[in-house]
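Engineer: Supplied in structure tokens, the structure appears directly below.
The values are calculated or read from the model by the stated rules, or taken from the named source; none is laboratory data. For clarity, every value in this text was computed on a predicted model and none was experimentally measured. Neighbour counts run over all protein chains shown; Cβ positions are idealised from the backbone, glycine included.
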Amino acid sequence: MSLERILSGMQISASGLAGERLRMEVVAHNIANAHSTSTAGGGPYRRQRVSFQSAMNQMAPEGHMDSPQLGGVQVLGITTDDSPLPRVLDPGHPDAGADGYVVMPNVTLPHEMVDLVTASRAYEANLKSMESFRQMAEQALSLLRGLG
């Protein structure tokens with residue numbers, strides 16, 4: 001059994017940690033721009049989200065020549081949420097139109113908080129998995145030292 005196969009659980013957790021960290025950064029960016037009605041590109045801020053896909057390791061497991069192994073997650077990219085932008089009546093706002101309505105970002109704080117908690121819990125789960133792997137590796141090394 002190769003070292004790469006032994007460490008694959010650690011690599012899967014590490015990819016999950018990186019993906020969830022990015023997801024939390026994007027959620028924080030969304031929250032920070034929840035009231036940005038004017039951006040450099042023009043118009044209000046649009047909510048961003050992170051897209052993931054499972055990564056497959058092309059190395060076939062022992063005894064199986066054609067089936068790939070799991071390799072964690074892979075970030076496909078950050079996409080823009082094209083849902084409708086809400087309009088709010090605020091004639092005194094600098095970005096209000098002639099009719100007094102302001103086009104607001106499509107960011108809803110409750111939705112962002114749910115995404116943030118979900119990403120945080122997934123991050124914690126991956127961290128716990130890495131900690132468990134480390135403890136098992138330490139125990140295995142202790143056993144091997146006892147045999148020698």
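Engineer: Out of contact with any Cys (no Cβ under 8 Å at 6 or more places or on another chain), at pLDDT below 90 and not small (Gly, Ala, Ser): which single residue out of 136, 130 fits that description?
Structural biologist: On the way: 130 fails: at pLDDT below 90.
Just one listed residue meets the conditions, 136.
Engineer: Any idea which of (1) assigned to a helix (DSSP H, G or I); (2) out of contact with any strand residue (DSSP E or B) (no Cβ under 8 Å at 6 or more places or on another chain); (3) modelled with pLDDT of 90 or more is the one residue 23 doesn't satisfy?
Structural biologist: (2)
Engineer: I need every pair where a residue in the stretch 88-103 that is closer than 15 Å to residue 44 by Cβ has its Cβ under 9 Å from the Cβ of a residue that is in a strand (DSSP E or B) and among the basic types (Lys, Arg), sequence separation at least 6 or different chains.
Structural biologist: Sorted first by the residue in the stretch 88-103, then by its partner, the pairs are 97/87; 101/87; 102/87; 103/87.
Engineer: When the residues of the stretch 82-102 are filtered to those that are touching a strand residue (DSSP E or B) at 6+ places or on another chain (Cβ under 6 Å) and assigned to a loop (DSSP other than H, G, I, E, B), which remaining residue is farthest from residue 33 (Cα to Cα)?
Structural biologist: From the stretch 82-102, those touching a strand residue (DSSP E or B) at 6+ places or on another chain (Cβ under 6 Å) are 85, 87-90, 93, 95-96, 100-102; that's our starting set.
Within this subset, residues satisfying the condition of being assigned to a loop (DSSP other than H, G, I, E, B) are 85, 90, 93, 95-96, 100.
Numbers: 85: 14, 90: 18, 93: 16, 95: 15, 96: 18, 100: 22 Å.
Of everything passing the filter in the stretch 82-102, 100 is farthest from residue 33 (Cα to Cα).
Engineer: Next up: Looking at the stretch 65-74, is at least one residue under 29 Å from residue 17 (Cβ atoms), at pLDDT below 95 and in a loop (DSSP other than H, G, I, E, B)?
Structural biologist: Here is the first cut: in the stretch 65-74, the residues under 29 Å from residue 17 (Cβ atoms) are 67-74.
Then drop every residue that is not at pLDDT below 95, which leaves 67-74.
Going one step further and asking which of them are in a loop (DSSP other than H, G, I, E, B), we end up with 67-68.
Looking through the stretch 65-74, at least one residue is under 29 Å from residue 17 (Cβ atoms), at pLDDT below 95 and in a loop (DSSP other than H, G, I, E, B).
Engineer: Let me ask something additional. In the stretch 4-40, what residues are among the hydrophobic types (A, V, I, L, M, F, W, C), farther than 15 Å from residue 106 by Cβ and under 16 Å from the mean Cα position of the chain (by Cα)?
Structural biologist: 12, 14, 17, 18, 22, 24, 28
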